[in-house]
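Below you'll find the structure, written out as structure tokens, and then a few comments.
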Amino acid sequence: MRDRIEEIRKLGAELVAVGTGRPEQVADFIENERVNFLVLSDEKAEAANAASIENASVFRLFHPNSFAPTLHAWKAGHRIGTSGRRVTQLGASFVVGPGAEVHYEHYDEHPADHAPLAEIFAALERTGVESASGVPAPPA
């Protein structure tokens, strides 16, 4: 998503990530990964619990469908940093707003499962939020 942040912003949206680590771990992540968007710490799982995001069982942590994407990410140079307290916390992706309306949600099934970018961008375009240029986002 970092590499597509300008596309997101042109659609009048902003990207926010919520991590499981302590604030100092989040700061290290931002620096090491050259993150150019807001990253928040959810060390006590308050946001994860509010959004009903699941924790993974051992089977889900080592789900067979996660092997190929994990190897691909490793070969591309991506590494796991210092783990937070909740290493079994699965992820999720949401498109929210304007206001509190949820336009899209994807709950990861295993650690290498992520929302398809095409689905996220389609949801962003459906929101019809005006971009910074004042031009409404095109309808889906």
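(1) at pLDDT 85 or above; (2) buried (at least 16 other Cβ atoms within 10 Å of the Cβ); (3) more than 27 Å from Pro23 (Cα to Cα): which one isn't true of Glu101, the others all being true?
Glu101 satisfies every listed condition except (2).
Please go through the stretch 106-122 and pick out each residue that is part of a strand (DSSP E or B) and surrounded by fewer than 16 Cβ atoms within 10 Å (Cβ to Cβ). Steps first, please.
We begin by selecting, within the stretch 106-122, every residue part of a strand (DSSP E or B); these are 106-107.
Matches in the stretch 106-122: Tyr107 only.
Are there any pairs, at least 6 apart or on different chains, whose C-beta atoms fall under 7 Å, with the first in the stretch 34-47 and aliphatic (A, V, I, L, M) and the second part of a loop (DSSP other than H, G, I, E, B), and if so, which?
Listed pairs, sorted by first residue: Ala45/Arg86.
Please enumerate the residues belonging to the stretch 49-69 that are closer than 14 Å to Val87 by Cβ, more than 20 Å from the chain's Cα centre (by Cα) and in a helix (DSSP H, G or I).
Matches in the stretch 49-69: Val58 only.
Could you tell me whether any residue of the stretch 59-71 is of a type in the set (Lys, Arg), free of Cβ contacts under 8 Å to residues at least 60 places away in the same chain and either surrounded by 11 or more Cβ atoms within 10 Å (Cβ to Cβ) or farther than 30 Å from Glu125 by Cα (or both)?
So in the stretch 59-71, the residues of a type in the set (Lys, Arg) come out as 60.
Then keep just the ones that are free of Cβ contacts under 8 Å to residues at least 60 places away in the same chain; that gives 60.
This time we only want the ones that are either surrounded by 11 or more Cβ atoms within 10 Å (Cβ to Cβ) or farther than 30 Å from Glu125 by Cα (or both), so: 60.
Yes: the stretch 59-71 contains one or more residues that are of a type in the set (Lys, Arg), free of Cβ contacts under 8 Å to residues at least 60 places away in the same chain and either surrounded by 11 or more Cβ atoms within 10 Å (Cβ to Cβ) or farther than 30 Å from Glu125 by Cα (or both).
Where the second residue is at pLDDT 90 or above and assigned to a loop (DSSP other than H, G, I, E, B) and the first is more than 15 Å from Ala48 (Cα to Cα) and lies in the stretch 103-117, which pairs have Cβ atoms under 7 Å and are six or more apart or on separate chains?
That search, which allows pairs on different chains as well, returns His114/Asp108.
The values are calculated or read from the model by the stated rules, or taken from the named source; none is laboratory data. Because the structure is predicted, anything quoted here is derived from the model rather than measured. Quick reminder, even Gly has a Cβ in these numbers, built from the backbone with ideal geometry, and neighbours come from all protein chains shown.
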